[in-house]
Each structure stands twice: as C-alpha cells, then as structure tokens.
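The block underneath contains the structure these notes are about, expressed in structure tokens.
The values are calculated or read from the model by the stated rules, or taken from the named source; none is laboratory data. This is a predicted model, so every value here is computed, not measured. FYI the Cβ positions are ideal-geometry reconstructions off the backbone, even for glycines, and counts take in every protein chain you see. Only protein heavy atoms, including side chains, enter the accessible area calculation; ligands, DNA and RNA are left aside. Shrake-Rupley method; radii C 1.70, N 1.55, O 1.52, S 1.80 Å.
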Amino acid sequence: MEKPRNIYIETYGCQMNVADSEVVLGIMREAGYSRTEEATKADVIFVNTCAVRENAEQRVYGRLGDFRHLKRSNPAVVLGVLGCMAERLRKDLLEEETSVDLVVGPDEYRKLPALVDAAMQGEKGIAIRLSRVENYDDIEPLREDGISAWISIMRGCDKFCTFCVVPFTRGRERSRSLDNIVREVERLAQRGFKEVTLLGQNVNSYRDADHDFADLLARCAAADRSMRVRFTTSHPQDMSIKLIETIAAHENICKYIHLPVQSGSDRILELMNRTYTADEYLRLVDRIKRTIPGVSLSTDIIAGFPTESDADHRKTIELIQAVEYDGAFTFKYSPRENTKAWNMADSVPEELKIERLNEIIDVQRAISFRLNQQLIGRTVGVLVEGESKKSDQDFCGRTDTNKMVVFPRNGYQPGAYAEIWIRRANAATLFGQHEPSTAQEG
Ligand code: 5AD
Ligand code: SF4
C-alpha cells in the first residue's frame, strides 16, 4: 500500500487567507492527503501568502528561506507558494534560489493535487489565472472542531482603492450561493460550533440573485439562534440602512462592525478612491449608533498616504476622536505595484509616517481604555473560547462586541456562554469574575 502523504500549510495575512487554507486542505484531503502540524514530517509544504504590504511579503521571504534549508535535507518535499504573492510575483518565485516548486494563485486551488503530482515528478508548476466565477461553493473546507469558524461568502473586490493590491491579486468580486452558505452554517452548528464569521473583502456588496447581504445575514442568524454570527469587512459605501436594521433586529448577530475609514481627510479619501467624505462617514456612524445601541466599531487607518499633510493627518485624529472607535488596525502606507497610488510619489518620509502612526495608535489606545473603563462594574455575556494566553487557571472569551474577557475557569466549558462581572480593564482586555465583588476595595 502507498504511504499516506502529509501536507503542512502555513498561512499569512487576512482571515480570507485562513479560510482559503481550509479550502486548500479540503481539496487536498479529497486527493488523499492528511494534515500535519510539523513541516519536517510533510511531503508537501504550502505557504499561503499576503501581498497587501511590503512587510507581509518580507516575512514570507524569510520563511521560504527556512524551507529552502529543509529541502536540502529532504529534496523530495514539494514547496508551493499560494495566495496573493503568487499572483503578484508569478515566475519570479520559481527561480532556482527560492527552491519553490509551485506558484498557485487564489482562483486555481482545484488544480493543486495535479500540480503536486507533477512536481513530484520534477516538473515545476505555475497556475495564476484569475477567474470571474470560481467561488469554491461546493468545496467542504477542512476545519478542526472548535468554537468559532470562518465562512468565506464571496471573493475578490471591485472597489479599487488606489493603495490596494487586492483587486489585482484576488480579482473581480463574486458571491457564493445563499443556500449553500446557510447549509454550511447549519452543518457547523450540528458539529458544535458556536460562532461563525462571514468573510469577504467587502461583504456588504454580497449578492445572490435578489438577495443582498442583509438577507444572507438574517438567514444565517435564523439557521441556529444559539450561534453567534459575525461578519467582516464592511465598506462604508455599501452599508445600507436595511443592513444596519437587520443587525439590530437579531439577537445573535454580533453588535460589532469593522468599518474601515482609512483617513479623515476628504482630499486624501478622494485620492484613495474611497467614494465617501469624512462627513458622510460620520453621519453613517451616527445612524449605526442610534439604530444599534451599544454597538462596537473598529476601523483600518493608513498613515502617510502620498501627499498627506499635517493638516490631513489632524483630520484623521479628529475623526478618530469623533467616532470613538473601540479599536483600530493601523498601517504605514506601503506602495504596491500595479495600484494607482504606485504612480504617485511616496512623498511622506518614513520617520514622519512612523510619527503619525504612533500618534494615531496613542489616541486610539486612550479611547479604547476609556470605553473599556465604562464597563467596570457591569456584567457582560461572553462566549467561552478556552484557556487564556497568560494563565491556565483562567479562561478567555469575547463579548458580542468583540472585546476579549479573561476570568477564572470556575467549571465553565469552552463553547458555553458565561455572564462575567467586570472588575478591571485595560485598552485591550477586560478582566472579570463570576459574581460581583463584595470585598471593600482600598
Ligand atoms: N499600505 C498600507 N496599508 C494598506 N492596506 C491595504 N493596502 C495598503 C497599503 N498599500 C490596509 C488598509 C486595509 C487593510 C486590510 O490593509 O487599511 O483596510
Ligand atoms: Fe482593497 Fe479597498 Fe477592496 Fe478593501 S475595499 S480590499 S482596501 S480595494
């Protein structure tokens, strides 16, 4: 009998890539492969890559260096580069010194088993065509049992923000069928999952015939009322009133919206092709806050986009203060080939980018801290995820507003809902216990 083949996969970048790696593992399982957690035991090593910023790519290059060494002691192993860097760098990656055997873009994963077979015969392979229709709707992703699952509901992006490489690496926008997504939620519920996150570069423009994202969200929430439903990412332009009302109407749709703003300056927003003004964005936020009481908001912000002045940067700071985000993901602008912004001079010096980035981080941290302090003395509902990172005596889990809570294990099981009384908080984490403290402080 043939020895079973093992596959090892490492994933970089966004949650879409995490979901894609599960699709890849699903395809490889059908072809007879088993997953291994150890690269040294693998017959096939895949690196699922991200090209969104320069430093993401640098990290992958570092890892490919490690795998090149591994290949020296085991030349039979097949090394494949998947995902967004495959699309961006194409043949470059197949050069001798990288030791890469396969370069496969995000829409060509069905070809992986055949390409790996050929590579085992010594034939290097490249498959990087982007598709207008591929959505892997019929592939069962390989997921370990757990509490929380990712479900990719659409692929690609048509927004063409001028800084972003995603429309070039992931291609045009296309959605999966609503019925298949709902069936996936039902199957996950039967397997004991308690939370799903619907994923796409811009979930708000999801469409299946007459059904929009609000319809999909409502159907997923109705599939199992004990299942939490999350989603990411939302583009402000497509955030409809119907969607906001749908989030408010369903108890098990999490009251947390990741709504990237990127900048607070109208001039920069225009150069970024974001299609809204700061004022329009603030009005949207106001509508969201009024319709969904207690909603938690987060954002993405880029510091140092071409031509960004101190005045533009101040507007970003003012917008952050006006919205009062619960959290923010912040990035230094990184020029990406093919994008429109690539042709604009990268005019903000590195030190100034860092200075602005640090100010944004400090302002946001103070806001997160203040908002979290307001929860002290309150009881919050938490989905128990498992042991906390710092202590095996403690469990951790998230509120539906996506705040991390740490509390004593106290007989809880992962997957249970716990009511936790918040005792203290910092900018990132809430710390609680099961009963309000009756001890006198001080
Ligand atoms: N430089 C810096 N940040 C970027 N992002 C996307 N492209 C770039 C880039 N070229 C950020 C945006 C986006 C997030 C996923 O990554 O803020 O929302
Ligand atoms: Fe990139 Fe803009 Fe699409 Fe987000 S919405 S993936 S930032 S092009």
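For the reader, a short list of remarks on this structure follows.
- Matching option when the condition is of a type in the set (A, V, I, L, M, F, W, C), out of contact with any strand residue (DSSP E or B) (no Cβ under 7 Å at 6 or more places or on another chain) and not in a loop (DSSP other than H, G, I, E, B), among Ala114, Ala118: Ala114
- Some residue of the range 174-193 being within 16 Å of ligand 1 (Cβ to nearest atom) and either assigned by TED's automatic domain parsing to the domain that holds Leu269 or open to solvent by less than 40 Å² (accessible area, probe 1.4 Å) (or both): no
- Any chance Ala222 is more than 23 Å from the chain's Cα centre (by Cα) and among the aliphatic types (A, V, I, L, M): yes
- Qualifying positions in the range 323-353 - over 24 Å from the mean Cα position of the chain (by Cα) and more than 12 Å from ligand 1 (Cβ to nearest atom): Asn343, Ala345, Ser347, Pro349, Glu350, Glu351, Leu352
- Across the range 107-142, the qualifying residues are those that are acidic (Asp, Glu) and free of Cβ contacts under 8 Å to residues at least 40 places away in the same chain, and the one among them that is least open to solvent (accessible area, probe 1.4 Å) is Glu108.
- Only one of the numbered conditions (1) touching a Phe, Trp or Tyr at 6+ places or on another chain (Cβ under 7 Å); (2) within 14 Å of ligand 2 (Cβ to nearest atom); (3) not charged (D, E, K, R) is not met by Ser296, and that is (2).
- All positions within the range 143-168 that are more than 16 Å from ligand 2 (Cβ to nearest atom), open to solvent by less than 40 Å² (accessible area, probe 1.4 Å) and in contact (Cβ under 8 Å) with a residue 60 or more places away in the chain: Arg143, Ile147, Ile151
- Selection status of Arg274, more than 16 Å from ligand 2 (Cβ to nearest atom) and farther than 18 Å from Gly327 by Cα: no
- Summed over the range 225-280, residues that are assigned to a loop (DSSP other than H, G, I, E, B), open to solvent by 10 Å² or more (accessible area, probe 1.4 Å) and either more than 13 Å from ligand 1 (Cβ to nearest atom) or at pLDDT below 95 (or both) total 11.
- The range 1-97 holds strands (runs of 3 or more DSSP E) entirely within its bounds, and those carrying 1 or more residues that are open to solvent by 40 Å² or more (accessible area, probe 1.4 Å) map to 5-11, 33-35.
- Residue that is nearest to Glu186 (Cα to Cα) [pool: residues in the range 151-166 that are hydrophobic (A, V, I, L, M, F, W, C) and within 16 Å of ligand 1 (Cβ to nearest atom)]: Met154
- Any hit, the range 354-362, residues being within 12 Å of ligand 1 (Cβ to nearest atom), open to solvent by less than 20 Å² (accessible area, probe 1.4 Å) and of a type in the set (A, V, I, L, M, F, W, C): yes
- Cross-chain or 6+ apart pairs with Cβ under 8 Å, the range 351-378 first and of a type outside the set (Lys, Arg), then at pLDDT below 95: Gly377/Pro436
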